[in-house]
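Q: So that we are looking at the same thing, I have put the structure below in structure tokens.
The values are calculated or read from the model by the stated rules, or taken from the named source; none is laboratory data. Bear in mind the structure is a predicted one, so any value in this text is a computation, not a measurement. Methodologically, a virtual Cβ is constructed for each residue, glycine included, from the backbone with ideal geometry; neighbour enumeration extends over all protein chains shown. Areas reflect the complete protein model, heavy atoms only, side chains present, ligands, DNA and RNA absent. Shrake-Rupley method; radii C 1.70, N 1.55, O 1.52, S 1.80 Å.
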Amino acid sequence: MSTKKETELTAPLLGSTSPQPDDNSRLIKVGDPDDLLHKKYKKNDIHTGKYNVITFIPLNMYEQFSKFANIYFLFIAVLQCIPSVSITQGQPAILVPLTFVVAV
């Protein structure tokens, strides 16, 4: 007689059988701490961050300039740099508000 107990998962639905183990399933033996210490399971970490240090600027710029209004104001800022087209003598005056909107 063994003192270790093994539990089986049973399906609660009528007429169904207990689930068959596959490659992604685990068999957990109750009352056997050595079994859990020696097995290597996948990590169960949760990552909620959208960005990391390397991808913050490129992904943020992509997200900001995927909006039509930001592209429009960037185009106007480029046009304001051309003195023959601009009424601001080549100074991109719209660049300050655009930088504020993109940065915040």
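Q: Please say if the range 55-104 is rounded, prolate or oblate, where rounded means a/c under 1.5 for a ≥ b ≥ c the square roots of the C-alpha gyration tensor eigenvalues, and otherwise the choice is prolate for a/b larger than b/c and oblate otherwise?
A: Numbers: a/c = 2.82, a/b = 2.36, b/c = 1.20.
Prolate.
Q: Once ligands and nucleic acids are excluded and a 1.4 Å probe is used, how much of Phe65 is accessible, expressed in Å² to the nearest 10?
A: Roughly 50 Å² of Phe65 is accessible to a 1.4 Å probe.
Q: Can you work out the FRET efficiency for the pair Lys40 and Ser86, with r the C-beta to C-beta distance and R0 = 41 Å, to the nearest 0.05?
A: Numbers: r = 65 Å, r/R0 = 1.58.
So the FRET efficiency works out to roughly 0.05.
Q: While we're here: Using protein chains only and a probe of 1.4 angstrom, how many square angstrom of Val53 are accessible, to the nearest 10?
A: Roll a 1.4 Å probe over it and Val53 shows about 140 Å².
Q: A further question follows. What distance in nm separates the two pseudo spin-label positions at Val96 and Ile76, each 7 Å out from Cα along the beta-carbon direction?
A: 1.5 nm
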